[in-house]
Amino acid sequence: MPGGGAGPRAAKTSTASGRAAVRAQRRARLAEVVRQFAAHRSGVVGAVLLLVIIALAVLAPLLLPFDRLDVTRVTAGANEPPSGGHWLGTDPSGRDVLGVLLWGSRASLLVGFAATAVSMVIGTVMGMAAGHFEGLTRSVLLRIIDFFLVVPSLILAIVLSTVLSRGLTTIILAIGVTSWAATARVVRAQTLTIEARPYIERARALGAGDGRILGKHVFPAVLPIVLANTTLTVGAAIIAESTLSFLGLGDATTFSWGSMLKIALDTGAATAGYWWFVLTPGIAIVVVVLCFTLVGRALEAVLNPTLRSL
Amino acid sequence: MLAVLLALAGGAVATTSAQAQESDKTLKVSLVGDIDTFNPFLAILLSSTGLNRYQYEALVGYGKNSEPVPGIAEKWETSNQGKTWTFTIGEDRKWSDGEQITADDVVYTYTSILETPALQEANGGLVTNIDKVEASDPQTVVFTLKSAQASNPGQEIPIVPEHIWSEQDATKFKADSDVVGSGPYTLTSFKTGQTVEMKANPHFWRGKSKIDGLTFVSYKNSDAAVQGLKSGDIDLVDGLTPAQYESLEKSDNIKLNAGIGRRYQALAINPGAIDKDGKPMGDGNPALKDEKLRQAIFMAIDKETIVKRVLNGLGTVGQTEVPATYQDYFGFADGHEAVPFDLDAANQLLDDAGYEKGADGIREDKQGEPLVLRLMGRNTESPHAQMADFVESWLKEIGIGTETQLVTPDKVNEDSTLGKYDLYFTGWSLGPDPDAQLAMNTCDSRPNADGSGNTSENNWCSSEFDQLFKAQHAELDKAKRADLVKQAFTTIYEAYVSNPIYYIKPLEAYRSDRVDGFVTQPEKGGVILNQNGYWGLYSAELTSADAADDGGTPGWLIPAAVVVVLAGIAGFVAVRRRGGAAEDRE
Amino acid sequence: MTDPVVAETLGHDDEEVRGSSLPRYLALKAGGALVSLALVVVLGFFTFRVLPGDPAITMTRGRQVTPGEVERLRQAMGLDQPLLVQLGHFVRDLFTGDLGTSYVYRRPVTELIGEYLGPTLLLTGSAAIISIILGLWLGQKAAWRRNSWFDKTHTGLALVFWSVPTFWLGLLLLLMFGGWLQWLPTGGMTTPGAHETGLAYVLDVAEHLVLPVTSMVAVVYAQYLMVMRASVLEEMSADYLTTARAKGLREDLVRTRHAVPNALLPTVTLIFLTIGGLIAGAVTVETVFSWPGLGYLTYKGLSAPDLPLLQGTFVVFSAAVIVMNFVADLVYRVLDPRLKAS
């Protein structure tokens, strides 16, 4: 925990050496976290794989220029099985599946990260507020959180996707807005725990306002849990994107793993036995989500002392 | 406990194989799409209206090549310059419950539609020219029209039995169980979202069908339907994708059918939609009011490539809106032809028309704005997504940018009606009489400002077209009418508002070891299901009589699974109890 | 001793739980549930109004109607009233069990929901029960044999399944067991055309249930396994158990008499909370396997939009989840070991 318990006088004067001490403490803590994380083999494997995949996604334009996937310019036939020229075969429009997979990773990962960011931001803010404030505000906030927990998230996501115009932004919003409630709950719990601590009471007694308490004390303490939660949420967001695409609500004009699966299903690739087009996007999703999950679990183990022994 | 499970297993095996034998005399067909209702006054979805064609005949039916043939009526004649139509009902026409079909049934049906707004959902638009329908004797019905028309007013409207329907509130009557009808099959039961069961009508005037019954099985995705065909769960599937179709080519016991369809798929352009009162509607790009721009867009579509790459060759290149099924009206009028695919010529045309190319290759319109057009399509039809890729690419080569939006079919309907589009993929299925399709292009067909009321197929209006429409509408000479119809469709084409890209070939497959003898419509190279009529399923015969595949399910599987699950639970419980027993000792 | 974070996740204040008597607690929670339900109804009503499309126009498209007739239809459907009035009518009708008439199917929504609800309950219910049993059993066993081959394999397997999109798994199962091996049917709830009754009917439905349930279970049981495992491990290392062990209590008794029951509490309550997710998962599974259920019906209603149908299914789904939450609260209170001990 950050060294905020140095006592009321130290807090008031907050000398340069005091601040430097805090920073040094935080750096040491970070190093400790990294060291402990490295001890979890599965987490490390997941993290490494993820970095490779993200690198590939970012470098996609260099590896395979986009216009090679232009339908009017492809030379291969449709639905060709894997061969020397096309390692994963071609899709119903004759495009190289490996290429589409590579470019698709960009949208899938983008949606995953962005939706999670939205979800985390809303969840953290709502959670902190619900834990911090009292009385009517708390009740109202709790009811709102409850509503979003109770509503079937997929249904709400479908509604949003139908109402707003097509595109990745809509999907990101839809997923983000329907998945923040769980985070909010966890953040609220942690907020309550932190705010029960003595140094918060002291800070309050000294006249610290809501903003200061939340920003300086609660937020940094909540951050580790949010971080651990984040990695798990990214995986869920990627799966949500593929599900929305499957139901026809995704952005059909952008390559994404979800839209690849939708095309596979729509053109009957599954029945026709074009396994290279049906299996690869699904396996890609499984691998990426699994990596995020492993990293998330390792992070959780490291950052949440109670679970460390597990 | 084990003994009980074995008994269950035995029972399961016995019952499942017994069921297999019983259900063998019905033909099982896949059904994709939901049923709204079986009430013929209210049903508008293709799935339900299609099924109703098997159980209700109209006065005049469609023959094997979609020509008018006797239905309930055995003969008819016109008089009074086409304003009076007299139909004679055959004496051998009976309802499935044995009652005689009489003029009263016809009068009841038509009058219900004419007088009750709530019953006009399905066919209200087809009776607007009818003044009155009267029975002059039990076998004769006289139609008095408001003005002469070439289309036979006895077509399309399903006649219902008055002795059943007059006892019900027709606006609420579901008519979905033990239906009394006049067609080759009638509905016996309907399990929402699951199955529709029909049985052969013993009193059908053309003779009872050779198949005892039909079962339509609801599948929500086509892959499952095709798997069902392979495993024998069903015998006939339609709506296959080209990939599925080709994958079935290797199967020995499955026969394929790629029929000539009656649907066209086009790229529609918004020429500046106007509502009924002449006011502009929607938000189409104003540049599209320029006919030359629209013509250039036509020139940028390579129909052959789309048929080859998107449909895998399972379609025909489009000409006018009329598919080749209707040979009488198919093709351009004499001396006219399609715009050829020519990107260079298109570029030249646009250069000459003053659309300069900007730095990024995208042309600017007369206001200096970059020419970027929205392209709308359905997110339920995969050819739309594939075609969009091609169209985007070609348009880019002639300097036009595209924004593709694939949305729900209802949204496409709504936006296209309100004129809120630039380009969109549209398609219609044409009935045998082109009058209905042409009527949707007249100046009168334009909707109200809020989009309600009439449907204008192309949001376009032309007095020249209106004249051609009126002429063919009342022309009783077949050859002359055919010529006028072709001219009318050609006029639509040359307004460059709708470019028919292809007529898709509906792809069907069936188990040749179970059924054969389908009569397609048209007779040569047509379709089995979704006909203008019932010939496909009426003519078929089941080929195997023995207890065929009931799906190949080993009867032992279910009880085996039950055993495993129970064993698991038993084990879990046992483990817990062990702890408890030890506790007693303490 | 339950982790306070877990307890708070479930929305309980220690005070609240222990301080009140059972009837008072019940009343409190029931009241909360009703408030949630009311909120759901109101917000759900407004959510669907945002969907594009005017139902009156959709229903009369293509017919020759004047704007006056469309307006009359709108009036008949009550769409011309101010939103709040419409809400009032909706709530009033709700109390009489009238959820309106579906635009697409022209039938009372209550009737439609009645027909489609059963299959979905059967599907999600079976999937829930099997996932729970499987997840809990494997989870506590994995915790018992921590870091063994059993533990590693099952944890790994669970993690993999957790990462799989349900519809994709469903499709693969369909292809393998329905199409290729032909062991199981490819869709629907019963064998078409076969009119079975009694035991034969039950077995027929069971046969059709295997693949859809497997798809759902595969993805969901993993979550329960991991949570149960974590809870049990946490319990097993708790202080009071160290004391018990010191007193000579056998390890497997430690597990079965203390660790597992105590771990069950947060796990079980967490399960009830996640049942909502199962319901949403039903949409995709029902689509892949042509299962005639409420999930698919809801999805179809969204494209029209069939407002009465959507409102109806939304209320039903949410009410189900709220009820589940209420039961969770009840279970938590009843099973709380701190209360039992005192």
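Derivation of every value follows stated rules applied to the coordinates shown; laboratory data play no part. All values reported here derive from a predicted model rather than from experimental measurement. Heads up, the Cβs are rebuilt from the backbone with ideal geometry, glycines too, and the neighbour counts pull from every protein chain shown.
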Quick one: what Rg and Dmax do you get for region C:88-197 from the alpha carbons, in Å?
21.1, 61
What's the center-to-center distance, using Cα atoms, between region C:213-270 and region B:407-475 in Å?
67
Which of A:Ile54, A:Ile172, A:Ile238 moves the most in a Gaussian network model of chain A with Cα springs under 10 Å?
A:Ile54
Going by average Cβ neighbours within 10 Å, how do the peptides B:153-161, B:459-467 rank, with the highest at the top?
B:153-161, B:459-467
Over the Cα atoms of region A:205-310 the radius of gyration and the largest Cα-Cα distance (Dmax), both in Å, equal 20.4, 72
Enumerate the calculated ³J(HN,Hα) couplings along region B:247-262 in order (Karplus 6.51 cos²θ - 1.76 cosθ + 1.60, θ = phi - 60°), each rounded to whole Hz, writing x wherever the residue is Gly or Pro.
5, 8, 4, 7, 6, 5, 9, 10, 10, 9, 9, 10, x, 7, x, 10
Listed highest first by mean packing, meaning other Cβ atoms within 10 Å per residue, what order do A:284-295, B:99-110, B:72-83 come in?
A:284-295, B:99-110, B:72-83
Give me the base-10 log of I(q)/I(0) for region B:106-254 at each q in 0.09, 0.12, 0.16, 0.17 Å⁻¹, Debye formula, one uniform scatterer per Cα, rounded to two decimals.
-0.46, -0.74, -1.03, -1.08
So, counting K/R as plus one and D/E as minus one, what does the shell of residues with Cβ under 12 Å around C:Glu71 add up to?
-2
Expected-Rg normalisation [2.2 N^0.38 Å, Cα atoms] applied to region A:113-248
1.16
The cysteines in the protein assembly as shown that find no other cysteine Cβ closer than 4.7 Å to their own Cβ are A:Cys291
Just how far, in whole angstrom, is region A:243-300 from region B:211-239 if you go by their alpha carbon centroids?
27
Long-range amide H partners of B:Thr140, meaning residues 5 or more apart or on another chain whose placed amide H is closer than 5 Å, are B:Ile89, B:Ala103
Per residue Cα convex hull volume for region B:371-418, in cubic angstrom?
60
GNM of chain C, Cα pairs under 10 angstrom: of C:Leu43, C:Leu117, C:Leu173, the biggest fluctuation goes to C:Leu43
Around A:Thr230: net Lys/Arg minus Asp/Glu count, Cβ-Cβ under 14 Å
0
Quick one: what are the phi-derived ³J(HN,Hα) couplings along region A:94-111, Karplus 6.51/-1.76/1.60 with θ = phi - 60°, whole Hz, x for glycine and proline?
x, 7, 5, 5, 4, x, 5, 4, 4, 5, x, 4, 4, 5, 4, 5, 4, 4
Taking the Cα atoms only, what angle lies between the long axis of helix A:257-266 and the longest principal axis of chain A, rounded to 10 degrees?
40
Residue-averaged beta-carbon neighbours from other chains (10 angstrom radius) around A:69-78:
4
Would you mind checking which residues have amide H under 5 Å from B:Arg374's amide H? H placed 1.01 Å from N; only 5 or more apart, or other chain.
B:Glu403, B:Asp422, B:Leu423
Taking Rh as the Kirkwood radius computed over C-alpha pairs, what is the Stokes-Einstein D of chain B at 37 °C in a medium of viscosity 0.692 mPa s, expressed in µm² per second?
122
Rounded if a/c is under 1.5, else prolate if a/b beats b/c, else oblate: with a ≥ b ≥ c from the C-alpha gyration tensor eigenvalues square-rooted, which is chain C?
oblate
Calculate how steeply helix C:198-236 sits against the longest principal axis of the alpha-carbon atoms of chain C, using the helix alpha-carbon long axis, and give the answer as 0 to 90 degrees to the nearest 10.
50
Between region B:286-354 and region A:108-139, what is the separation of their alpha carbon centroids in Å?
53
Provide, as a two-decimal number, the C-alpha radius of gyration of the protein assembly as shown over 2.2 N^0.38 Å, N being how many residues it has.
1.01
In terms of modelled amide H atoms, which long-range or inter-chain residues lie less than 5 Å from the amide H of B:Leu507?
B:Gly239, B:Leu240
Which ³J(HN,Hα) values in Hz, rounded to whole numbers, follow from the phi angles of region C:129-142 under the Karplus curve 6.51 cos²θ - 1.76 cosθ + 1.60, where θ = phi - 60° and Gly and Pro get x?
4, 5, 4, 5, 4, 4, x, 5, 5, 5, x, 6, 5, 5
Could you work out, residue by residue across C:173-185, how many beta carbons of other chains sit within 10 Å of that residue's beta carbon, and then give the average as an integer?
6
Using only the alpha-carbon atoms, how far is helix B:103-115 inclined from the longest principal axis of chain B? Give it as 0 to 90 degrees, nearest 10.
60
Residue-normalised 222 nm signal for the protein assembly as shown, counting each DSSP H run of n ≥ 4 as -39,500 (n - 2.57), nearest 500 deg cm²/dmol, is -17000 deg cm²/dmol
Other chains' Cβ within 10 Å of A:243-254 residues: what's the mean?
6
Choice from C:Gly187, C:Gly293, C:Gly78 showing the highest fluctuation, given a GNM over chain C with Cα pairs closer than 10 Å:
C:Gly78
Calculate the radius of gyration of the Cα atoms of region B:217-330 to one decimal place, then report Dmax, the largest Cα-Cα distance, as a whole number, both in Å.
20.1, 60
